[in-house]
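What follows is one structure encoded as structure tokens, with my remarks underneath.
The values are calculated or read from the model by the stated rules, or taken from the named source; none is laboratory data. As the structure is a computational prediction, the values presented were derived from the model and not from experiment. Positions of Cβ are generated from backbone atoms using ideal geometry, with glycine treated the same way; all protein chains shown enter the neighbour counts.
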Amino acid sequence: MVLGNSHLFMNRSNKLAVIASHIQESRFLYPGKNGRLGDFFGDPGNPPSEFSPSGSKDGKYELFTAANEVIAEEIKDLMTKSDIKGQHTETLLAGSLAKALCYIHRMNKEVKDNQEMKSRILACDITGGLYLKVPQMPSLLQYLLWVFLPDQDQRSQLILPPPIHVDYRAACFCHRNLIEIGYVCSVCLSIFCNFSPICTTCETAFKISLPPVLKAKKKKLKASA
């Protein structure tokens, strides 16, 4: 919630979507069930119909209050209806990512003509982004707020971790050596540094095309005089 509120606070036109990756389902926490996709690109000064919080008596931004109440209510509903049995604690992360990508695609279709939605997923090394493995998980929030939340203009004024060099060469499946030119299996796309008639990954046997064998021409015997 802190990261989401900070994102909303950075710009009045910023929007927020939160997906819970649970062990039984992937669910949108925000916007809630009563939220409309069109509300994300409406007038920032007019809260959507979903924003009916109990009221902000401490001067808090109304959007923060609405988002926090909706997310907290959805989490309580999710945990109440969850039936956890045994030690199965793996989350449905793949389903959550797929749902997020579908949601982004749908938002791009419903965005107004005079507005633009920048939701491209690009490689951070190519686009000048940041990749950071958090060394201490208790400090995750600090890294999210001070490293990943600022935009490109603000990042130029901050002292950020140095970029990590990325080697784009592929590693062969046989010796794990980095190679620039190799042999690729046409079935499973495994990469090898040496040619092999049988793929060691999918065990596909390839027919080696040999050059055509030309029949030797019979020499004509010269007639003796």
- Qualifying residue in segment 164-173 (condition: touching a Leu at 6+ places or on another chain (Cβ under 9 Å), at pLDDT below 85 and outside any loop (DSSP other than H, G, I, E, B)): no
- Message: Out of S139, S196, S209, I need the residue that is under 30 Å from S6 (Cβ atoms) and free of Cβ contacts under 8 Å to residues at least 60 places away in the same chain. Which one?
- Response: S139
- Cβ pairs under 6 Å, 6+ apart, first in segment 176-190 and assigned to a strand (DSSP E or B), second of a type in the set (V, I, T): V184/I191
- Task: Go over the candidates K81, K99 one by one and state the one that is within 15 Å of H22 (Cα to Cα), at pLDDT 75 or above and in contact with a Ser or Thr (Cβ under 7 Å, 6 or more places away or on another chain).
- Result: K99
